[in-house]
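Data block below; observations after.
The values are calculated or read from the model by the stated rules, or taken from the named source; none is laboratory data. Predicted, not measured: the structure shown is a model, and the values here were computed from it. Counting neighbours? That spans all protein chains shown, and the Cβs are built from the backbone with ideal geometry, glycine included.
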Amino acid sequence: MSRSGKFKRIAALAAAVSMVMAAGSCGESNQPEQTSDSTESAVETSAPEESTTEAKTSKVPLVTTTTTTTPAPLPVMSDEVPAENTDFASVGSPKTFEEYYNINKDMIGWINIYIPNENDINEPVVQGEDNTYYLTHDFLGTEVKEGAIFADFKCAFTTRTRPANTILYGHNMASGKSFAKLTRYCTWNTSKITGQRLGISQYIAAPTVTFDTVWEKGTYKVFAAIFVNTEEKNGEVFKYYKQRTISGEGEFYDYIGKIMDRSLFFTDVDLEYGDELLTLSTCYYPLTKQAADTRFVVFARRVRDGESAEVDTSKAIENPNPLYFDYYYQVNGGSWKGRNWDTDPNSTDTTKTHLKIKGFDEYYKSHETTASTEG
């Protein structure tokens, strides 16, 4: 099915069914996303399974006593994109979401992240029919090494709904294009321009990112960044790329817990079940690509309706002992000392950071759960 055909189908669906919650659902994947400065394989190319089960009833009511109305699909926004991108001068220097969308119907939105002293991450986001095409093709469809920033193809968008966890992939290019500057959130790095230690300083400069779909604007609060392994030969693999759906409270808390164990920093951003997540993933090879196929991933959650986008960045601190993986410890020494944070507001344990994850403790007092990132 063509991209335009897909959106016609989505628009028809949106007009035929009741509007659902913004935290929608997506499919599953079995392999890690592969992005680097060379052409690599994608997450996977199989289409998500669709249910063939239809609801049946043995009795049809004689009188309809209620009327259901559904909102019309939202149009593509005519607003200007967050900032000008000079890479598109060859196609008339488009300025609005609508103008970009008319160039490429695969466009799903726009990502903008402020980078001090450098050009921002400021690019259109596309979504193909697999996770392969945009590894090697840019927004205009030209075959290029840097590809494009793209949404996981199994994450389902309509004009009025978004995935529970939107996963965006981009290459880490030496030129600084695509998602290369995402690693400014890494606490090990220093700025080549100022010599300043990054990580917390990048977070203080950009505690929020914008990811606008072509139909709606959205701001997200950054709450974590992790460095992870994708190969079992090098130890534990945290399959963050599989968590496109959040099927219940337990899965949400377990997934957030695994992220915070690995996060390079802690923030004052609160989290609660029902939050929409944004996952930004790029390759990162500080241990060399040949030795360890690794990723750097930044996590954010959408600003809730009626909530201020302001963040108290003064409370951000580095995690002194994030969880890594076997090969990392073989090279750098050390070991994980266990979870060094909790969410108990009444705790007097000064050795732990107290994070704001509403309902986390209450849930685990009576439940045991494992997120779908296992296996």
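So the values come out like this:
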read-out: Criterion (modelled with pLDDT of 95 or more, over 15 Å from the mean Cα position of the chain (by Cα) and surrounded by fewer than 16 Cβ atoms within 10 Å (Cβ to Cβ)) met by exactly one of K217, K181; value: K217
read-out: E44 vs. criteria surrounded by 13 or more Cβ atoms within 10 Å (Cβ to Cβ), at pLDDT below 60, farther than 23 Å from T213 by Cα and not small (G, A, S); value: yes
read-out: Where a residue in segment 283-294 is closer than 14 Å to H171 by Cα and polar (S, T, N, Q) and its partner, wherever it lies, is at pLDDT 95 or above and in a loop (DSSP other than H, G, I, E, B), with Cβ under 6 Å and at least six apart; value: T294/Y284
read-out: Matching residues, segment 317-364, being part of a loop (DSSP other than H, G, I, E, B), more than 21 Å from Y284 (Cβ to Cβ) and in contact (Cβ under 8 Å) with a residue 24 or more places away in the chain; value: R339, L355, K356, G359
read-out: Output for segment 86-97, where each listed residue is part of a loop (DSSP other than H, G, I, E, B) and over 20 Å from W215 (Cβ atoms); value: G92, S93
read-out: Condition check for T187: surrounded by fewer than 23 Cβ atoms within 10 Å (Cβ to Cβ) and either of a type in the set (F, W, Y) or in contact with a strand residue (DSSP E or B) (Cβ under 6 Å, 6 or more places away or on another chain) (or both); value: yes
read-out: Restricting segment 143-165 to residues that are out of contact with any Phe, Trp or Tyr (no Cβ under 6 Å at 6 or more places or on another chain) and closer than 17 Å to V76 by Cα, the residue that is surrounded by the most Cβ atoms within 10 Å (Cβ to Cβ); value: R162
read-out: Complete set of residues in segment 87-132 that are surrounded by 15 or more Cβ atoms within 10 Å (Cβ to Cβ), aliphatic (A, V, I, L, M) and touching a residue at least 40 places away in the same chain (Cβ under 8 Å); value: M107, I108, I111, I113, I115, I121, V125
read-out: Scope segment 63-86; condition out of contact with any helix residue (DSSP H, G or I) (no Cβ under 7 Å at 6 or more places or on another chain) and either surrounded by 10 or more Cβ atoms within 10 Å (Cβ to Cβ) or modelled with pLDDT of 90 or more (or both); matching residues; value: P71, L74, P75, E80, P82, A83, E84, N85, T86
read-out: Odd one out for F299, checked against (1) aromatic (F, W, Y); (2) closer than 26 Å to F179 by Cα; (3) assigned to a loop (DSSP other than H, G, I, E, B); value: (3)
read-out: Selection status of G257, surrounded by fewer than 22 Cβ atoms within 10 Å (Cβ to Cβ), out of contact with any helix residue (DSSP H, G or I) (no Cβ under 7 Å at 6 or more places or on another chain) and at negative phi; value: yes
read-out: Residue under evaluation G248, criteria (1) more than 18 Å from F211 (Cα to Cα); (2) in contact with a Phe, Trp or Tyr (Cβ under 8 Å, 6 or more places away or on another chain), criterion not met; value: (2)
read-out: Extreme residue, nearest to G250 (Cα to Cα), among residues of segment 338-351 that are modelled with pLDDT under 90 and not β-branched (V, I, T); value: D344
read-out: Given (1) over 18 Å from R302 (Cβ atoms); (2) touching a residue at least 40 places away in the same chain (Cβ under 8 Å); (3) in a loop (DSSP other than H, G, I, E, B); (4) not basic (K, R), number of the condition T183 does not satisfy; value: (3)
read-out: Some residue of segment 136-158 being more than 26 Å from S191 (Cβ to Cβ), in a loop (DSSP other than H, G, I, E, B) and in contact with a Leu (Cβ under 8 Å, 6 or more places away or on another chain); value: yes
read-out: Residue that is surrounded by the fewest Cβ atoms within 10 Å (Cβ to Cβ) [pool: residues in segment 352-375 that are among the acidic types (D, E) and modelled with pLDDT under 80]; value: E368
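Conditions (1) within 30 Å of P320 (Cβ to Cβ); (2) within 18 Å of the chain's Cα centre (by Cα); (3) charged (D, E, K, R); (4) at pLDDT below 95, marked per residue:
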{"site": "G109", "(1), (2), (3), (4)": "no, yes, no, no"}
{"site": "E118", "(1), (2), (3), (4)": "yes, no, yes, yes"}
{"site": "E123", "(1), (2), (3), (4)": "no, yes, yes, no"}
{"site": "Q127", "(1), (2), (3), (4)": "no, yes, no, no"}
{"site": "H137", "(1), (2), (3), (4)": "no, no, no, no"}
{"site": "A151", "(1), (2), (3), (4)": "no, yes, no, no"}
{"site": "P163", "(1), (2), (3), (4)": "no, yes, no, yes"}
{"site": "I167", "(1), (2), (3), (4)": "yes, yes, no, no"}
{"site": "R197", "(1), (2), (3), (4)": "yes, no, yes, yes"}
